[in-house]
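A short write-up of the structure that comes next.
Nothing in this text is a laboratory measurement; each read-out follows from the coordinates by a stated rule. On a predicted model such as this, the values are computed, not experimentally measured, just so you know. As a convention, Cβ positions derive from the backbone with ideal geometry for all residues, glycine included, and neighbour counts pool all protein chains shown.
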Amino acid sequence: MLNQMKMETRLHAGFGGIVLLVVLLGVLAFSRLTSLHDHWNDFENITLARKSAVLESVTAHGRAVRHFKNYILRGPDSNTQFRSELAIIEKEMAAYRAAGDLTAEEQMLLGEVQAGVKSYDHSMSQLEAMHEKGMTALEMDKNIKGADEAIAAAFRKLLKVNDSETQKESAAMTEVTNSAKQIILAVDVVIALFGSVADA
């Protein structure tokens, strides 16, 4: 009878240990999944939102350059379209700022975009004055310098910053999944060991 109690005690202890480890495994898996979810939310709401803002701005910038050149060649109406594209850039850069904390580099680059947009708008004002004076397209083209390159350079740098942030977030998510795999494997091994002890 004593041997039977020992066997029963061992079985209870083994199964109790297995149940405890399964609960621990569930808690650890939940913790790792929560961490992964948090990283994904940061990635989606900050990194991807900022990348989208820059890409929308790059597209608007391309259209602004076209409208700027069209104003030189064709005159009226292109200036209004030009300014609406600059407004899109400003709106998207505000969205970039609103997505979260900025690094010093991002603040500097956003400042460069803002200064470039103001300069580009000033260039359009100069073109409008030249157009009012009756200058030809060739004369206007010679006497005006667009500010589009400064804006384009800042956008290229912002995209590089965003690519770097994307890689960091990806590495963080990979680390979370890898550590979860290791923890789950370790707990599975311990569960298997408890199961074999309970059978013995």
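Each of His131, Gln107, Thr166 was scored by the projection of its Cα onto the charge dipole of the stretch 79-167, and the greatest displacement toward the positive side belongs to His131; charges sit on the C-beta of Lys, Arg, Asp and Glu. Comparing Cα centroids, the stretch 68-123 and the stretch 127-175 end up 8 angstrom apart.
Applying 1/(1 + (r/R0)^6) with R0 = 35 Å to the Cβ-Cβ distance of Leu159 and Thr80, what FRET efficiency is obtained, to the nearest 0.05? Given R0 = 35 Å and the Cβ-Cβ separation, E is 0.75. Taking the number of Cβ atoms within 10 Å of each Cβ as an exposure proxy, the fewest-first ranking of His67, His122 is His122, His67.
Take the Cβ atoms of Arg97 and Leu193, set R0 to 41 Å, and the FRET efficiency comes out at 0.15. For the listed peptides 20-30, 79-89, 93-103, a ranking on the average number of other beta carbons within 10 Å per residue, highest first, reads 79-89, 93-103, 20-30. Round to the nearest 10 and give me the degree value, 0 to 90, for the angle of helix 78-98's Cα axis relative to the longest principal axis of the chain. Helix 78-98 sits roughly 30 degrees off the main axis of the chain. Using Cβ point charges alone (K and R +1, D and E -1), the dipole size of the chain about the Cα centre works out to roughly 200 debye. One chain, two ends: Asn41 and Val22. Fully extended at 0.36 nm per residue, the span grows by 4.0 nm beyond their Cα-Cα distance.
The helix-based estimate of mean residue ellipticity at 222 nm for the chain, built from -39,500 (n - 2.57) per DSSP H run of four or more residues and divided by its residue count, is -31500 deg cm²/dmol to the nearest 500.
In order along the stretch 39-55, phi translates into HN-Hα couplings of 4, 5, 4, 4, 4, 6, 7, 10, 5, 5, 5, 5, 4, 4, 4, 5, 5 Hz, rounded to whole numbers, per the Karplus curve 6.51 cos²θ - 1.76 cosθ + 1.60 with θ = phi - 60° and x for Gly and Pro. Kindly provide log₁₀ I(q)/I(0) values, in the same order as q = 0.10, 0.14, 0.15 Å⁻¹, from the Debye equation applied to equal alpha-carbon scatterers of the chain. Once normalised to I(0) and log-transformed, intensities are -0.61, -0.86, -0.92.
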